[in-house]
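Structure record follows, encoded as structure tokens.
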Amino acid sequence: MNSERMIAMRMNLGSVIAEKRKEKKITQQELAEFVGVSKAAVSKWETGLTYPDITLLPLLAAYFDMSIDSLLNYEPQLTNKEIQHIYASLKSSFETKAPMEVLTSIRSFVHRYYSCHPFVLQMGLLLINHFDQLPGDTQEEKTQRYMTEAREWFVHVRTQSKEPEHIVQATKLEAYTLLIMEEAEQVLEILGETVPASFPIESLIAGAFQMKGENGRAIETLQSALFQYISVMLSLLTNYLQLLLDQPEKFKETIRRGNQLAITFDLKKLNPILLINFQLSAAYGFAQKGDGEALEILNEIADTLSQTQFPLDFHGDTYFDQIDPWFDELETGNQTPRDSMMVKNDFIAMIIDHPMFLALEDQELFQKINNRFKQLKKME
């Protein structure tokens, strides 16, 4: 079922008109005469072949003594499953539809479900993760245009929502768009200049479940927390590496600790995209210094890509064996924010097309590794 059809399903105007007409015990002809249209027009409304002119909606709503939203059978809030479906549908449409058509669909959904704040947040994330696929002449133009639009959606949620969780998430995402647009002062203005003390609530939630005798729920809670904190830890180390280029010993020690974390929790299988981001950061750092260790890391990335089954989604493993229900509860489920095949191709392009790595081509190992990535790209 495509995303456009889901919109139609959520506005079953014809069935509502038929139901309310029968409740009033009137014929199609009688309703047609009241509204000022033909009996055939009413019949087409009820069978879903056509819709009433928008100017007739207030008259129909008044006649049936109901609101226009009730008449349209319009539900402004989406369930997590519906958000997952729409996000996945729009994400996959980048492969089959023109960029402008995809953008129009995204904006149409946001307009329709503007009061569903979790959905608006996810559509903003969709823009952030796919803005390079959307219409625009240059990367700079796309960045400015779509980060500005995503930020407007996040500001809407931040200022209109009454849910603290949504407000916090919208604030962080707004700051992220500003960082991409290189508005450093505004980022600090929104988030502050010092990291607030963290007070994780997961242990409290798990403790409450345990007290109720629901050990399975307690384990699921802590596993989902561990998964997130491990991901955050490796992401922080990824960014930290780029600040240590003038401290070679600490740079290498950070790589060692990051690799230990990845091995301990088997991130090559659990979250290969996260691991490759870390490895790329390490490879870039070595390459900037002309260090041949960059090639060894690129070889590891090629191993990870070749051993990963694409398309990719998130799931547990033998250690995180209770985490899948938590993924199901997320607005985007267990899908990757950006199409995983696109991510794979992006990784390969960032390696075979990057001038920093081409500077290492006089080293014997370079050609072999470069051919591995070209072969991976050809396989697509």
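The values are calculated or read from the model by the stated rules, or taken from the named source; none is laboratory data. Quick caveat, the model's predicted, so the values are computed rather than measured. Neighbour counts are summed over all protein chains in view; Cβ atoms, including those assigned to glycine, are modelled from backbone coordinates with ideal geometry. Each accessible area value is taken on the protein alone, full model and side chains, heavy atoms only, with ligands, DNA and RNA left out. Shrake-Rupley method; radii C 1.70, N 1.55, O 1.52, S 1.80 Å.
Summary table below
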read-out	value
Selection from region 274-313 of residues that are under 26 Å from THR221 (Cβ atoms) and buried (at least 20 other Cβ atoms within 10 Å of the Cβ)	LEU275
The one condition in (1) without any contact (Cβ under 8 Å) to a residue 40 or more places away in the chain; (2) closer than 30 Å to PRO58 by Cα; (3) in contact with a helix residue (DSSP H, G or I) (Cβ under 9 Å, 6 or more places away or on another chain) that ILE190 fails to fulfil	(2)
First in region 258-272 and over 18 Å from ASN334 (Cα atoms) and of a type in the set (Val, Ile, Thr), second anywhere and open to solvent by 10 Å² or more (accessible area, probe 1.4 Å) and in a helix (DSSP H, G or I), Cβ under 9 Å, 6 or more apart	THR264/ILE230
Enumeration of residues in region 330-353 that are buried (at least 18 other Cβ atoms within 10 Å of the Cβ), in contact with a Phe, Trp or Tyr (Cβ under 6 Å, 6 or more places away or on another chain) and of a type outside the set (A, V, I, L, M)	THR332, SER340, LYS344
Residues being open to solvent by less than 100 Å² (accessible area, probe 1.4 Å), farther than 28 Å from LEU267 by Cα and among the aliphatic types (A, V, I, L, M) - total across region 182-231	6
Lone qualifier among PHE251, PHE327, PHE320 - being under 28 Å from ASP362 (Cα atoms) and open to solvent by less than 20 Å² (accessible area, probe 1.4 Å)	PHE251
Verdict on ALA294 being at pLDDT below 95, assigned to a helix (DSSP H, G or I), more than 24 Å from the chain's Cα centre (by Cα) and among the aliphatic types (A, V, I, L, M)	yes
Pairs, first closer than 17 Å to LEU358 by Cα and part of a helix (DSSP H, G or I) in region 368-380, second open to solvent by less than 90 Å² (accessible area, probe 1.4 Å) and small (Gly, Ala, Ser), C-beta under 7 Å, six or more apart	ILE369/ALA302; ARG372/ALA302; PHE373/ALA302
Verdict on THR148 being among the hydroxyl-bearing types (Ser, Thr, Tyr), without any contact (Cβ under 8 Å) to a residue 12 or more places away in the chain and farther than 30 Å from ILE323 by Cβ	no
Top-ranked residue in region 122-164 [being of a type outside the set (S, T, N, Q) and not in a helix (DSSP H, G or I); ranked as least open to solvent (accessible area, probe 1.4 Å)]	LEU134
So LEU244, is it surrounded by fewer than 19 Cβ atoms within 10 Å (Cβ to Cβ), hydrophobic (A, V, I, L, M, F, W, C) and at negative phi	yes
Flag for GLU165 being under 18 Å from the mean Cα position of the chain (by Cα) and either free of Cβ contacts under 8 Å to residues at least 60 places away in the same chain or under 24 Å from GLN335 (Cβ atoms) (or both)	yes
Identity of the residue in region 50-61, touching a residue at least 12 places away in the same chain (Cβ under 8 Å) and open to solvent by 40 Å² or more (accessible area, probe 1.4 Å), that ends up farthest from SER89 (Cα to Cα)	LEU59
Single residue of SER70, SER43 found to be under 37 Å from the mean Cα position of the chain (by Cα) and part of a helix (DSSP H, G or I)	SER70
Verdict on GLU4 being of a type in the set (Asp, Glu) and either at pLDDT 90 or above or open to solvent by less than 50 Å² (accessible area, probe 1.4 Å) (or both)	no
